[in-house]
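Everything below concerns the one structure shown next.
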Amino acid sequence: MSKQNCRMAAIQMVSGPRVVDNLAVAGGLIADAVAQGAQLVVLPEYFPVIGAVDADRVKAREDFGRGPVQDWLAATAQAHGIWIFAGSIPLTASVPDKMRNSSLAYNPSGECVARYDKVHLFGFRKGDESYDEAAFIEPGKDLTVVATPFGRVALSICYDLRFPELYRALAPVDLILVPAAFTDTTGRAHWEILLRARAIENQCYLLAVGQGGRHENGRMTHGNSMIVDPWGEILDRKLKGPGVVIADLDHARIAEIRESLPALAHRKL
């Protein structure tokens, strides 16, 4: 079956502690994206909830396959007839005091067709700023590619971006997704560089969608959501605040680049 071109959209948010409010914001932005022709829509990491403390996310976790956030995702995908990739939501872990940070894919019929649990857990300490995801997240073990009418879509979440071997293990793909809640400190230094590198070295499109702004808990996330083409060119971006980033995935562009510079075919490792 030939792969279809598509219009894809990143939904940048500045999520807060109330799930209902975050779903309402996400719903409005998805509707805006659909009005612009989007067929594939991606939400950021932790789009349903960013509370005052990490424990708030653990409290909001759902059992896989049921829950208000998953029900909303299924209904929204079906109502608009689109693919929705839920950047990440908190799901139940095997231990009571932790969660899985999980990305879910829904087809236009509202069926959840794939799940990826974040493998690499972020740890950072500089001055007064520190993060330790391993304290409240149980890591995943398996990598995930989703087969869609638009091609093979590689799933990853935030800190995974720093590990190029993850994407090499999944190559070749047509689209890499990087939903994130990158800190502003690390984002200013490394976000764009890493995103463009991952697109260039895998010769595919990359859609990165972040939390972007000052949250109610005082945390500042980097935002700078963008869509990058296989040559490393940025097709659209949004620096801060809620909004939609949109661009087209063109398979002729992928083929042209891979034919003129067959780096994937030249791989030795």
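FYI, it's all coordinate maths here, none of it is from the lab. Just so it is clear, the model here is predicted, and its values are computed rather than measured. As a convention, Cβ positions derive from the backbone with ideal geometry for all residues, glycine included, and neighbour counts pool all protein chains shown.
Some observations on this one:
- Vicinal HN-Hα couplings computed from phi for segment 113-120 (Karplus, 6.51 cos²θ - 1.76 cosθ + 1.60; Hz; Gly/Pro x): 10, 7, 9, 10, 9, 3, 8, 9
- Between Ile193 and Ala24, the FRET efficiency estimated from the beta carbon spacing at R0 = 45 angstrom works out to 0.85.
- Taking every DSSP beta bridge that has both ends in segment 6-260, the antiparallel portion is near 70%.
- DSSP bridge orientation in segment 117-230 - percent antiparallel, rounded to nearest 5: 60
- Helix runs (DSSP H) in the chain reaching 20 Å along axis by Cα, Kyte-Doolittle at least 0.0: 19-35
- Placed amide H near Phe182: partners under 5 Å, 5+ positions off or other chain: Gln211, His222, Gly223
- A Förster radius of 30 Å combined with the Cβ-Cβ distance from Ala134 to Ala255 puts the calculated FRET efficiency at roughly 0.15.
- Helix-only arithmetic for the chain: the sum of -39500 (n - 2.57) across DSSP H runs with n ≥ 4, divided by the residue total, places the mean residue ellipticity at 222 nm at -7000 deg cm²/dmol.
- Dipole magnitude for segment 1-83: computed about the Cα centre from +1 point charges on Lys and Arg Cβ and -1 point charges on Asp and Glu Cβ, it is near 200 debye.
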